[in-house]
Amino acid sequence: MSVRDSEPLVFLLDREPAFTEGLQHALGLELALLEIREFEDSEHKLRPQASVRGRDVYLVHRLAGTPGLSTNDNLVRLLFFIATVRDLGAARITAVVPYLPYARKDRRTKPRDPVTLRYLAQLFESMGVDRLVTLDAHNQAAVENAFRCELVHLEARQALATRALELAGELPLVVLSPDTGGVKRAERLREGLREFSGREVALAFMEKRRSEGVVSGDAVVGDLQNRCVLIIDDLIASGTTMGRAVEACRQAGAARVLACATHALFAPGAEKLLAHPGLHRLLVMNTVPLRETWPNLNVLPVEPQLARTVLALAGRTVDDPDPPLNR
């Protein structure tokens with residue numbers, strides 16, 4: 001096998017130019033070419049234009065819905081392409097999906113509920129994937145239990161913490177989880193902030209109850225008075241949870257409120273959060289395509305972290321002081 005054939009073969013199904021350029025630059029490799037054909041009846045075909053036989057193949061795709069393509073459309077495209085490169089003799093297939101859809105439905109909360117995350121794992125495995133890389137899944141333990149293939153779970157806390165420290169200035173810091181289920185995530189971010197800054201960082205959380213899609217509960221546990229509060233969650237959809245947390249922080253005397261979430265799904269209604277007068281800044285990663293910008297929205301690039309991970313998994317030397325894998 002030549003040196004060139006020993007390099008990882010990276011296909012990007014997401015065709016957004018900025019993301020494509022960012023990932024290629026971070027990898028330091030040319031992305032592999034593929035043909036994408038759209039048919040009149042909404043069917044499609046994806047065909048690799050490079051030989052995958054015997055190669056270590058990485059398929060990168062942001063699975064959130066985009067104009068003209070739903071989450072399910074993007075998921076089917078990735079699953080079919082996994083099966084295609086498996087049929088064509090790829091030695092190893094790694095799916096790199098920064099945002100993993102359906103991860104919130106990881107258990108039965110009502111009689112006869114589907115466990116969609118488990119079904120999703122079965123789809124990936126039946127298509128022939130060897131390894132899945134994802135970022136800040138809703139419940140890491142549930143994802144690890146659902147998938148039988150190798151799972152690499154990454155966290156965005158380092159990028160978020162670095163930017164949050166810049167915005168906090170000299171104010172004392174407290175990390176707040178908008179619900180009790182996210183306390184472990186908040187604690188990991190707090191540890192990261194303490195490690196990066198050497199400053200003392202407090203922890204707080206909010207009471208939250210959800211029933212029939214209605215969210216209630218606004219009690220805050222922790223001292224927020226005259227502090228910079230960093231609210232952390234894995235994703236923002238409608239923005240209801242984060243908006244309630246911002247309001248509760250202001251009521252509790254916070255001097256500045258920052259919010260951060262890895263995945264900015266931004267369903268209808270999220271614009272209310274972005275316009276909230278009590279929110280100083282919202283930090284997100286570009287794990288899903290964003291079609292609009294707002295003055296108080298900071299979008300941090302995920303491409304460098306994905307590239308470092310791919311290169312490390314492929315056995316390439318990564319000249320970066322930060323460990324690319326958070327297992």
**Report entry** Lys, Arg +1 and Asp, Glu -1 on Cβ, resulting dipole of the chain about Cα centre, debye, nearest 20
**Finding:** 740
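For a quick check of your reading of the filter: which GluC sites (Glu not before Pro) in region 10-95 sit in a DSSP loop and have no more than 11 other Cβ atoms within 10 Å?
30, 40, 43
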Query raised in the report: region 161-190 to region 244-314: how many Å between their Cα centroids?
Result: 13
Report summary line: Share (percent) of C-alpha pair distances in region 157-300 greater than 20 Å works out to 40
Report task. Quickly estimate the mean residue ellipticity at 222 nm for the chain, helices only: each DSSP H run with n ≥ 4 gives -39500 (n - 2.57), and the total goes over all residues, rounded to 500. Result -> -9500 deg cm²/dmol
Query - Top of 233, 113, 73 by mean-square fluctuation, Gaussian network on the chain, Cα under 10 Å - result: 113
Query raised in the report: In degrees, nearest 10, range 0 to 90: what is the angle between the Cα axis of helix 240-251 and the longest Cα principal axis of the chain?
Result: 30
Query - Crossing angle, helix 157-168 versus the chain [Cα axis fit, 0-90 degrees, rounded to tens] - result: 40
Query raised in the report: So what is log10(I(q)/I(0)) for the chain at q = 0.09 1/Å, when the Debye sum runs over its Cα atoms only?
Result: -0.49
Requested in this report: Round to the nearest 10 and give me the degree value, 0 to 90, for the angle of helix 71-87's Cα axis relative to the longest principal axis of the chain.
Outcome: 40
Query raised in the report: Taking the chain as a Gaussian network, where each spring joins two C-alpha atoms under 10 Å apart, which residue of 182, 54, 128 fluctuates the most?
Result: 54
Report summary line: Candidates 308, 77, 199; GNM for the chain (alpha-carbon contacts under 10 Å) flags as most fluctuating 199
Report summary line: Ordered by fewest other Cβ atoms within 10 Å, a rough proxy for footprinting exposure, 93, 36 read 36, 93
**Report entry** Difference of contour (0.36 nm per residue) and Cα-Cα distance, residue 291 to residue 86
**Finding:** 70.5 nm
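Values in this text are rule-based calculations from the coordinates and carry no lab data. From a predicted model like this one, the values you see are computed outputs, not experimental measurements. Don't worry about glycine lacking a Cβ; one is built from the backbone with ideal geometry, like all the others, and counts go over all protein chains shown.
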